[in-house]
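A short write-up of the structure that comes next.
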Amino acid sequence: MKRAPFRQNGNRKRWECYMPDTTYLDAVLERHGHDAANLLQILIEIQQEHGYIPPQAIDQLTAKLACPRVKIESVATFYSFLSLEPQGTYRVLFSDNITDRMLGSESLMKLLCTELWAEPGKLSEDGLVSVDATSCTGMSDQSPAILVNGITVTNLSAPRVQEIAELIRKQVPLAEWPAEYFHVEDNIRRRDALLNSNFQPGSALAALLARGAEQTLAEIKTSGLRGRGGAGFTAATKWEACRNAPGAQHYVVCNADEGEPGTFKDRVLLGSYADMVIEGMTLCARIVGAQQGFIYLRGEYRYLLEPLQQVLQRRREANLLGKDILGTPGFDFDIAIHLGAGAYICGEESALIESLEGKRGTPRNRPPFPVTNGYLDQPTVVNNVETFATASLVALNGGAWLAGIGAEASSGTKLLSVSGDCERPGIYEYPFGVTVQQVLQDCGAQDTQAVQVSGAAGICLAPDEFGRRIAFEDVATAGSFMVFDQRRDMFEVARNFVHFFAHESCGFCTPCRVGTSLLKNMMDKLAHGLGSPYDFAEIERLDQLLMSMSHCGLGHSACNPVLNTVARFRPAYDKRMSHKNYVPAFDLDRALTQARQMTGRKDAGAHLEEYE
Amino acid sequence: MSRETFTLDGQDIPFEQGQTIMQAAMAAGVYIPRLCYHPDLKPHGSCKLCTVKVNGRQASSCTYQARDGLAVESNTEELNGERRSLLQMLFVEGNHFCPSCEASGNCQLQATAYELEMMTAHYDHFYPDRPLDASHPEYLLDFNRCILCSLCVRASRDVDGKNVFALSGRGIGSRLIVNSASGLLADTDFSGTDKAAHVCPVGVILKKRVGFAVPLGQRKYDTQPISDLPKPGIEEN
């Protein structure tokens, strides 16, 4: 039998021999307690080690986790960072948010492909590199950005792309690449109550212990603190429901899967304010009676994993995590970090819990809600990073303090991730109630045509609405704030978001699985100059269907970008209405593209006559 | 003592504690369209055909617990129109050629489409590439017709205790896969006596060498619409 060589290539081992070495896998399994509930974490480590998940590794997992092969494959194929096919020794993923595109990400990707003789989405023949696009990586304030073997590289430019191509050609290990490539700037432009707080680790826990859990919950209630993930559910209500729910264990989960295109504020909080976040989780644990917490960190923020683990370790050593926290008998709580692997849907709390349990990130049927039936079917609080950070300040300063800041139904401050056409992209913290106009002024935006608030699922505002306020009672947001000036084509903005939803649909329910792809094809049809009034009516009909029949919020909001831009920027669509009557989406000359590519033909004879 | 009831299109439907709207409706002999529901299996709520309006809000009737006094709408022009669109989506997502399909006449997708008067596929077809699996000596898998209802997945896992099937991929790339390193049914522990062999609502899981034993035109839904059967659509193939 022919035995393939065990190759060591660049900084990544390829597993191609017939008798793979399983000692490495044993260590991974050991670390994850041989527990199938940690399947996703195990798969992420295998992917990281080999660049893909080799079939031999699945054989091993099947035997050692007593987990059926189909289950492993079904989980592995759900997450876009995992792959059952070999990927390049260097896997380069270009963040494909509209803000990356506005700064030339598409041509930079082409440049890299040309430099390396690679084709997007395909493994190069020598197995050295694969290049592809991925959903927004949370670097919109320093884009274009890429992930190289899962690690963030920012501020891409043509010269930097050429340098990277050279490093890849020379197979320089990632660890030896220039450090400045990996530098991620916080870009904090405006600080308010939260970012100015000069928080001392342990101070909120001391306040909690002095005041007692019951009274601290009362303070959270008084503060009116609402979830910062976008939906704005009252934190105290969630915590109280979880506290009162019967269960052998209770859990606290920090949702750090900020996947809305254009948002990056959780990245900054986890990078520079992690103590405040973790302390918020810890006091929540005390209130609801949890001993175990999780930070679900999106895979795009892989570079934050070790720093966060260090913070956790430091806090354990300072007795702020672990057993008998701050010397209080029975106050036991610890936190594990779980990584995501490229699935926007896992930001939805029940999908996140499924993912935490090592499964596909499919949103659950609700009710029951996570507060009663969450992680491992136990009562679970899931809150956003910023919500926990704010909770720490409430414990420290009292509920009335927070209630005194912000707008009537939205107490406190909000971190906005500002990106797009402005002079100073970055983090802006404002008391709730700030006008869109004020933000635009502060970030140095000019000739602004539109602002997309709260990401692809959010709302697109035109200039006559810039007087509206960022608050749950007016324009609610998870934090994304993308600015588009007069040069931008709002149809293309909407089309980018529609592609995003089609890519991120989990595929569970019919309307979203098929509908988001149909919508994508219809928007592409318009972009190809084949649109007619019929197609507009179709798009609106489809939007209606997605809204009413979808299983979860992804499907419900997948139509927002189109509905919003049609209502406000109709001329951008009218331009696409090239035909009075319906024409088919199928375009014979375009369908011949592949044949032309295969035969290397570019001449007029390779096109249909009418196109000559 | 009066039993608890909810109304379904104005008709009083009694229910027992713990029943879903779907279960109560079926017990009362009222048809709600569905494809991913099977009374013997845990409900999934993914096909969305059984979407009803509960007190004005959309919900999947197969997962929604019945409660006293609910006002449920199902057989309305609006909901049936939306269900028709869902059926059209399922038809264009896969490769469905009814005239040559062994399941024609026994197919719940086809029967439901007749029931809801779906006349065309309406949307552009995706024409996915889904190779057949004819490896098993007794059974054939024609993935072209798969509507990703997961009934075979649930039957194999929860009834047969085997995990022969699973859904893989994501979004429009979702696919049914089987439990073997080769990816072939022959290399799994699948058997014709499995529950999973008999729950496919379309024509994916087919027994070999018995094709067209009952002539077209004399099959289950050829003689009676799916809504008229006493327990419509649940008799096993």
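Every number in this text was worked out from the coordinates using simple rules, so none of it is lab data. Nothing here was measured: the structure is a model prediction, and the numbers come from that model. Reconstructed Cβ throughout: ideal geometry from the backbone, glycine too, with neighbour counts over all protein chains shown.
Side notes on the structure shown:
- Simple label model, 7 Å out from Cα along Cβ direction - A:ALA318 to B:SER182, nm: 6.0 nm
- FRET efficiency, A:ILE151 to B:THR120 (Cβ-Cβ, R0 60 Å, nearest 0.05): 0.75
- Neighbour net charge for A:ASP485 - beta-carbon separation under 13 angstrom, K R +1, D E -1: -2
- Two-site label geometry, B:GLN58 and B:VAL159: point separation in nm, points 7 Å out along Cα→Cβ: 3.0 nm
- Once the convex hull of all Cα atoms in segment B:69-146 is built, its volume per residue stands at 136 Å³.
- Overall dimensions of segment B:83-210 by Cα: Rg and Dmax, Å: 14.5, 42
- Cβ-Cβ FRET estimate between A:TRP117 and A:ALA606, R0 fixed at 25 Å, reported to 0.05: 0.60
- What the Kirkwood sum gives for chain B is a hydrodynamic radius of 18.7 Å, with every pair of different alpha carbons counted.
- The angle between the Cα long axis of helix B:77-93 and the longest principal axis of the Cα atoms of chain B comes to about 10 degrees, rounded to the nearest 10.
- Cα centre as origin, Lys/Arg/Asp/Glu Cβ charges: the protein assembly as shown dipole, Debye: 720 debye
- 18 Å Cα-Cα reach of B:LYS208 towards aspartates and glutamates, excluding residues that sit fewer than 8 places from it in its own chain: B:GLU102, B:ASP133, B:GLU138, B:ASP142, B:ASP187, B:ASP189, B:ASP194, B:GLU236
- Taking amide H atoms as placed 1.01 Å from N in the peptide plane, the amide H of A:GLY406 lies under 5 Å from those of A:GLY412, A:PHE432, each 5 or more residues away in sequence or on another chain.
- 3J(HN,Hα) along segment A:263-275: 9, 8, 5, 5, 4, 6, 5, 6, x, 10, 10, 4, 4 Hz, from the Karplus curve 6.51 cos²θ - 1.76 cosθ + 1.60 with θ = phi - 60°, whole Hz, x for Gly and Pro.
- Packing around the peptides A:23-32, A:530-539, A:596-605, A:114-123, taken as the average count of other Cβ atoms within 10 Å per residue, puts them in this order, highest first: A:530-539, A:114-123, A:23-32, A:596-605.
- Top positive-direction residue, dipole computed over segment B:83-210 with Cβ charges, set B:PHE97, B:VAL210, B:CYS107: B:CYS107
- Stokes-Einstein diffusion coefficient of chain A, Kirkwood radius over Cα pairs, 10 °C, 1.306 mPa s, in µm²/s: 62 µm²/s
- Across the options B:VAL54, B:ASN179, B:SER85, the greatest Cα extent toward the positive end of the charge dipole of chain B (unit charges at beta carbon of Lys, Arg, Asp, Glu) belongs to B:ASN179.
- DSSP finds beta bridges in segment A:90-185, and of those with both partners inside it, around 50 percent are antiparallel.
- Counting only other chain Cβ atoms within 10 Å of each residue's Cβ, the peptide A:541-552 averages 4.
- Selected from A:LEU167, A:PHE466, A:GLY420, residue furthest toward positive end of dipole (chain A; charges at beta carbon): A:LEU167
- Fraction of antiparallel bridges per DSSP, the protein assembly as shown only, in percent to nearest 5: 60 percent
- Of the Cα atoms belonging to segment A:528-612, the radius of gyration and Dmax stand at 17.6, 49 Å.
- Scalar couplings 3J(HN,Hα) for segment A:374-382, obtained by applying the Karplus form with A = 6.51, B = -1.76, C = 1.60 to θ = phi - 60°, are x, 4, 6, 6, 9, x, 9, 9, 10 Hz; x denotes Gly and Pro.
- Counting, for every residue in A:239-249, the Cβ atoms of other protein chains within 10 Å of its Cβ and taking the mean gives 0.
- Three principal axis lengths of segment A:398-445 [C-alpha, angstrom, descending]: 37, 16, 12
- Computed magnitude of the charge dipole of segment A:90-185 (debye, nearest 20; Cβ of K, R +1, Cβ of D, E -1): 100 debye
- Segment A:398-447 and segment A:74-113 have Cα centres separated by 32 Å.
- Shown here: segment A:26-149, whose C-alpha atoms stretch 47, 33, 23 Å along the first, second and third principal axes, sorted largest to smallest.
- Highest-first arrangement of A:294-306, A:373-385, where packing means the average Cβ count within 10 Å: A:373-385, A:294-306
- Put simply, the convex hull of the Cα atoms in segment A:491-574 casts, on average, a shadow of 4.7 nm².
- The mean sequence separation of alpha-carbon pairs under 8 Å and at least six residues apart, normalised by the residue count of chain B, gives a relative contact order of 19 percent.
- Contact order relative to length of segment A:491-574, as percent, for alpha carbon pairs under 8 angstrom and 6 or more apart: 37 percent
- The charge dipole of chain B, taken about its Cα centre with unit charges on the Cβ of Lys, Arg, Asp and Glu (plus for the first two, minus for the last two), comes to roughly 380 debye.
- Annotation: cysteines of chain B without a disulfide-compatible partner (Cβ-Cβ under 4.7 angstrom) are B:CYS50, B:CYS62, B:CYS98, B:CYS101, B:CYS107, B:CYS146, B:CYS152, B:CYS200.
- Inter-centroid distance (Cα atoms) of segment A:266-330 relative to segment B:162-178, Å: 36 Å
- For A:LEU545, net neighbour charge (Lys/Arg +1, Asp/Glu -1) across residues whose Cβ lies under 14 Å away: 0
- With θ taken as phi - 60° and the Karplus curve 6.51 cos²θ - 1.76 cosθ + 1.60 applied, the whole-hertz 3J(HN,Hα) list for segment A:292-303 is 10, x, 9, 9, 8, 9, 4, x, 5, 9, 3, 5 Hz, x standing for glycine and proline.
- Within the shell defined by Cβ-Cβ distances under 9 Å, the residues around A:PHE78 carry a net charge of +3, with Lys and Arg each +1 and Asp and Glu each -1.
- When restricted to Cα atoms, segment A:90-185 yields an Rg and a Dmax of 12.0, 36 Å, respectively.
- Relative contact order of chain A: 13 percent, from C-alpha pairs under 8 Å at least 6 residues apart in sequence.
- Near A:ASN384, the amide H atoms lying under 5 Å from its own belong to A:ARG228, A:GLY229, A:ASN255; only residues 5 or more places off or on other chains count, and H is placed 1.01 Å from N.
- Amide H contacts of B:TYR139 (H built 1.01 Å from N, under 5 Å, at least 5 apart or other chain): B:LYS208
- For segment A:466-612, the fraction of C-alpha pairs farther apart than 22 angstrom is 51 percent.
- Inter-chain neighbour count for B:162-169: the average number of beta-carbon atoms from partner chains within 10 Å of each residue's beta-carbon is 6.
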